[in-house]
Structures are given as C-alpha cells and as structure tokens.
1. From the backbone phi of the stretch 93-101, what are the Karplus-calculated ³J(HN,Hα) couplings (6.51 cos²θ - 1.76 cosθ + 1.60, θ = phi - 60°) in whole Hz, Gly and Pro given as x?
2. If you fit an axis through the alpha-carbon atoms of helix 301-325 and take the longest principal axis of the Cα set of the chain, what angle between them do you get, 0 to 90°, nearest 10?
3. For a protection proxy built on the mean count of beta-carbon atoms within 10 angstrom, sort 290-300, 275-285, 213-223, 108-118 highest first, please.
4. What is the sum of charges around residue 138, taking Lys and Arg as +1, Asp and Glu as -1, for the other residues whose C-beta is under 9 Å from the C-beta of residue 138?
5. Among 182, 283, 328, whose Cα sits farthest toward the positive end of the charge dipole of the chain (+1 at Cβ of Lys/Arg, -1 at Cβ of Asp/Glu, about the Cα centre)?
6. If you place +1 on the Cβ of every Lys and Arg, -1 on the Cβ of every Asp and Glu, and leave all else neutral, what size is the dipole of the chain about its Cα centre, to the nearest 20 Debye?
7. Would you mind pulling out the separation of the Cα centroids of the stretch 139-177 and the stretch 289-307, in Å?
8. Hey, what angle do you get for helix 332-360 against the long axis of the chain, alpha-carbon based, 0 to 90 degrees rounded to 10?
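Here, each number is a calculation from the coordinates, and none is a lab measurement. Everything numeric here is computed off the predicted structure, so don't read it as measured data. Neighbour counts are summed over all protein chains in view; Cβ atoms, including those assigned to glycine, are modelled from backbone coordinates with ideal geometry.
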Amino acid sequence: MNQRIESNITKLYIIKIAKWFMLTMPILMLFYKDMGFTDKESFQLKAFYSIAIVIFEIPSGYLADVLGRKKTLIFGSILGTIGFLVYATTSGYYYFLLAEIILGIGQSFVSGADSAMLYDSLKSCNREKEYIKYEGRNFTVGNYAEALAGILGGSLAALHMRLPFIFQTGIAFMAVPASIMLIEPIIASTRKKPGFKDILNVVWYATVQNAKLRYNLIFSSILGTATLTMAWIYQLYLHDIGFSEYLIGSTHTVLNLIVGTTTLFAYKIEARLKPKMTIWLTSVIITGSYIISGFIDSAWILIVLGIFYFSRGIATPVLKDYINRITSSDIRATVLSIRSLLIRGLFALIAPSIGFLSDEYSRSFSLKIIGIIFTVLVGSCIFLFLRSLQRKTTN
C-alpha cells in the first residue's frame, strides 16, 4: 500500500505541471492591453479571479477534508480546463470575467488539497518529516514548468496573442487523468457532524483559538500576497521600458528557474540560517524590492527581480511547512485553504488600487505605495509571528 501511496507524489507533480505550465502568465496583461483594456480593467479581472477563490476557498478545503482530496482535485482540474477553453474561444471583457471566475473556483478546489494530499501521503508512510523537502521539490517542478512556459508563451504570443490560450487548454487537461489516478490516504478524523457549522468551527479554531496557527496564517498570507502581486506588475513594468513579448517571456523563464532552483534547497537554507534569520531576510527583501523598483526605470530592475524571486523560493515552502507542522490531518486542507483565502482576499483589495495608481499617476508611484503598504503589514505582525515560532507545539 505504501508504494501505491508514494505514487501520489509523481501524480501530484503532473498536477503541479498542469497548474503551473502557464503559457499565458507572462503575456496575460499584454493580452489585455491588446484587447484594449485599461490597467484598471486588467487588474479588475484578476481581482474577480481572487474574489472567486475567496468565496470558494474554505468550502473547497472543507470538502477536501470531508469528502477526500482526490474528488476536489478532480473537480478543480476539470474547471481549470473549462476556464482556459473560454479564453481560447471567446473575446470581450465579460467573457473573460466568466473565464476568470471559473478558473478561480477551479483553483480553490486544487489549492490546499494538493499540499494536504502530499503531506498525508508522506504521513501514511511515516515520512511526514520529509514534507518540506518534497514540497520544495513539488514547488520546483511547478516553477521549472512555469519557466519553460514563459519563453514558449512569449514566442507563441509573438506569432498570435491567442495561441498561448489555445495550447494552455490542453495543458490544463493533463491534471484531470492525473487526479483521477490518485490514491486517497486514510486519515484519522475527529469530526462527528460534518456541515457548515463544522467549517465555522475550523475557521474559528485556526484564526481565533489557536494563536500560533493564527499568526502563521496571517504572516504567510501577507508575504504570499506580496509575491503574487509582483508576478502581475513586473510584466507591465518591463513592457513600459521597451521589452518585447519574447523578452518578457524569457525573463519570466529565468525568474522561475531561480525560484524553482531555490526551493530545492529551501529546507537546507532554513536549517542553516535558522527560522528567525530566514524570516527577517525574506521579509525585508520581498517588501523592500517594491520600493526599490519604484526608483528604477531601466533593465537594472532585473537584478531586483532576481533577488526577489530567490527570496520567494525560500519563503513559500518554509512558511507552508510551519503551518503543516502545527495542523492535524483532518483539518489540514481547510487550514491551507484559509491561507489561500487570505492571500486572494488581500490581493482582491489591493489589485484595483494598483490599476488606479498606474493609470492616474505612474507605474513607479504605484510600486512605491504598494511597497509601503506591504512593509507596514509585515511589520505589524512579524514579531508576533516570530514569537509564535518559539513556542513548543505538537502536531
């Protein structure tokens, strides 16, 4: 049975590739511009994507805990395919809005469930201590896939802006058979009466009762929002300074190779630096990169982006591991979904402001303001978060 469970790791790699081999990622904002959308409209579309995730994130994570991770991963994979099919075959703001909502719902059913499936698959084999290593590898697979997709997506867009979406539909479909072949690990559950009240109980426990988990979720979500936001801003910034679609795609490739390689060694870096220094360095680099970028108006921005993505490669698997260590298996997917909800909810609030500031003032001004906002948010909770890491907790 253990060998069959371990085979989940390979299938999760395929799901990660289907999810992260994003031909559309490095050119999406350029595609919107090609369609005549303003920055405000473009960021509104991404905000609605995040709102869809916010609405369905916790219910989907709860369903993953109660009905099984496999079923929710299958459903999310199907919706992901449909969303890109809408993009590939239609035009107009409202059709794209529909696609973003479908993709957002699909993402919510995959997010959290994939990490929970990985952790519980390892735990069923008594290898849960290796989670940070495998989550790092899983993240690396995703980022290498996104890296390759960057240069291919840019090349396809140079031929025709619609081509990346056509090919993306087929890539997204890869996750469907992979999720169907997953083996559901047997997990111990203390739940007696599944239902909406049970969801509220888990949310209350994670965000109110368990202070250690609360501070982990808040801090991880703020840094997660900061890395997500940069992924959409920098392609517009590079376009402003004269980068072509191909060069933007190539930059996307290099940045994801950086973050993908870094995640392979994230657990070693964290062990060498220790948690406190790891958190301080990644926090300062991620928030400070926004402010520094606001003062740069040339290709020197590439150095800042490289350092930013290096820090992202450390922070993402490490912060997820901190959460997994203090979360029981029967609520793990729900808790990870709360993290994703917080990230998307915060992004949904910030994204329209970015578009407004860019349209009304300048890209550099919006970077400085967003950088200050993230610095304040991180500074407001980092000490409580670091203190919570020092408390002894059992899983």
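1. 4, 6, 5, 5, 4, 4, 4, 5, 5
2. 20
3. The densest-packed peptide leads the list: 108-118, 213-223, 275-285, 290-300.
4. Around residue 138, the charge tally is 0.
5. 328
6. About 1600 debye.
7. The stretch 139-177 and the stretch 289-307 have Cα centres spaced 26 Å from each other.
8. Here the helix axis deviates by roughly 20 degrees.
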